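Student: Quick one: the structure is below, questions incoming.
Just so it is clear, none of the values below were taken in a lab; they were calculated from the coordinates. The shown structure was predicted, so the numbers you read here are calculated from the model rather than taken from an experiment. So basically every Cβ, Gly included, is an ideal-geometry build from the backbone, and we count neighbours across all protein chains shown.
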Amino acid sequence: MAVGVAKASLDRTRELLKKVCKLDYRTPLLSVSHAEATLYRLEAEWEAARLLTMKAAWMADNKLPNSKEASIAKAKAGRVANEVTLKCVELAGALGYGEDELLEKWARDSKILDIFEGTQQIQLLIVARRLLGKSSSELK
Ligand SMILES: Cc1cc2nc3c(=O)[nH]c(=O)nc-3n(C[C@H](O)[C@H](O)[C@H](O)COP(=O)(O)OP(=O)(O)OC[C@H]3O[C@@H](n4cnc5c(N)ncnc54)[C@H](O)[C@@H]3O)c2cc1C
């Protein structure tokens, strides 16, 4: 859900920005506008969240223990969905806040993705436990 809502926001924002920006990925980052640079950074964050999610899902499909990877993916994807959807509202300017676009709705919807099924803080705790080899009573 987090990867999907962030993708929808990025796709729509890219469409809206195309009217005012060139969106030429060959241009060095230092030579593009702030809006373009922000979009590229968000896209990179989204790709990282997607790949982590795919990895955790692939491990589950292949019956490999994936508690650490699933928590890494959930922590990253929830945070990325929040950041991407909120930034997309900003990037779209007045349109982003309007109810004619879905951007503002996706931004409101995304907050829960960082909370339910384990908050980001709890996911990071699980990752730390796995990395350090500690039990839940040893690392709270
Ligand atoms: C809209 C919505 C829909 C939901 N749907 C479902 C559902 O369908 N099924 C279901 O079972 N649950 C559902 N939930 C519950 C959801 O999973 C919990 O709200 C979520 O897991 C957080 O638990 P909590 O509310 O008890 O927060 P708490 O555990 O009270 O935590 C409060 C805050 O403190 C942080 N925190 C807690 N412990 C630590 C710690 N040790 N270290 C650092 N930070 C910590 C948390 O990250 C959080 O930010 C839903 C919640 C909402 C808001």
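Student: Where does helix 67-91 land angle-wise versus the long Cα axis of the chain, in degrees 0 to 90, nearest 10?
Tutor: 20 degrees
Student: Once you place label points 7 Å from the Cα toward the Cβ at THR119 and LEU131, how far apart are they in nm?
Tutor: 2.0 nm
Student: Taking the Cα centroid of the stretch 103-140 and of the stretch 21-37, what is the distance between the two, rounded to the nearest whole Å?
Tutor: Rounded to whole Å, the Cα centres lie 33 Å apart.
Student: Can you tell me how much longer the chain between ASP11 and ARG41 gets when fully stretched, taken as 0.36 nm per residue apart minus their C-alpha distance, in nm with one decimal?
Tutor: Contour length minus the Cα-Cα distance gives 9.4 nm.
Student: To continue, here is another question. Relative contact order for the chain: what is it in percent, counting Cα pairs under 8 Å that are at least 6 residues apart?
Tutor: Relative contact order, the chain: 29 percent.
Student: Per-residue counts of other Cβ atoms within 10 Å, averaged by peptide: what ranking do you get for 63-70, 83-90, highest first?
Tutor: 83-90, 63-70
Student: For the chain, what is the number of Lys pairs with C-alpha distance below 17 angstrom, counting only pairs 8 or more positions apart or on separate chains?
Tutor: 19
Student: Measure off 7 Å from each Cα along the Cα-to-Cβ vector at LEU102 and ASN62, then give the distance between these two points in nanometres to one decimal.
Tutor: Once both label points are built, they end up 3.3 nm from each other.
Student: Compare the peptides 93-105, 118-130, 6-18 by average per-residue count of other Cβ atoms within 10 angstrom and give them in order, highest first.
Tutor: Descending packing order for the listed peptides: 6-18, 118-130, 93-105.
Student: Tell me the angle of helix 120-132 to the major Cα principal axis of the chain, expressed in degrees between 0 and 90 and rounded to the nearest ten.
Tutor: Relative to the chain, helix 120-132 is tipped by roughly 50 degrees.
Student: What value, in deg cm²/dmol to 500, does the helix sum -39500 (n - 2.57) over DSSP H runs of n ≥ 4 give at 222 nm once divided by the residues of the chain?
Tutor: Computed mean residue ellipticity for the chain: -22500 deg cm²/dmol.
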